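Just so it is clear, none of the values below were taken in a lab; they were calculated from the coordinates. Keep in mind that what you see is a predicted model, and the values were worked out from it rather than measured. Here Cβ is always computed from backbone atoms with ideal geometry, including for glycine, and neighbour counts include all displayed protein chains.
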Amino acid sequence: MKKYITYAMTALFATIAVSIAAPDKEAIMAKEKAAWEAFKDKKADDFKKLVDKDIRAVYAEGISNMQKELDDMKKWDMKSFTFSDFDSFTDEPDVIVTTYTVKVEGTYDGKDNSGTYNAGSVWKKEGKNWLAIFHTNMKQAAATSQ
C-alpha cells in the first residue's frame, strides 16, 4: 500500500510541476501574437527575443531559417493580422504546440498576399524564456462551388 501512495504522490507532483512550468493558453497566445506583431512592425530585435536563433519554418514557398525570416520581414508590408480558433497543447514541461487561423492583410514583395492562413508553431522553454523553434502557415484554398 505504501508503494501505491508513493506512486500517486509522485504522479501528483509531476502533474503540478508540468502545470507550473508551461504557460496557459492565453499566455502562449500572447507570445505568438507578439512574434507576429514584431514581424509586422519590422522590429527584428523584438522578433529575435521571441524566436530561437535556430528557428525552422515551412511555407508553401519553401523552408526558412532565422536569416530568411529576417530577410522576408523586409519584403512584407503587413497592415494587420487577426487570430481565430487558437489552440495549444503540451505533454512535456518544456514544449508547447499551437495551432490557429490567422487572417492577414498585406503585401509581400509588392504583391497582395492577403488571406486566411492555417498556422502552427512549436515553442520550447530555454532557461526562463519560451522561444518559437518551429513555425508554419499555409494559405487556405479558395472555396469552390460545385
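Worth pointing out:
- Within the range 47-90: backbone nitrogen closer than 16 Å to the Asp112 label point (7 Å, Cα to C-beta): 77-80
- Computed over the range 32-79, the ratio Rg/Rh where both radii use C-alpha atoms and Rh is Kirkwood: 0.93
- Taking 24 Å as the straight-line reach from the Cα of Lys42, the lysines in range (excluding those fewer than 8 positions away in the same chain) are Lys31, Lys33, Lys53, Lys68, Lys74, Lys75, Lys79, Lys103, Lys111, Lys124, Lys139.
- The stretch between Ala44 and Gln140 holds 31.8 nm of extra length on full extension. This uses 0.36 nm per residue minus the Cα-Cα distance.
- Sorting 25-33, 83-91, 129-137 by average packing, meaning the other beta carbons within 10 Å per residue, from highest down gives 129-137, 25-33, 83-91.
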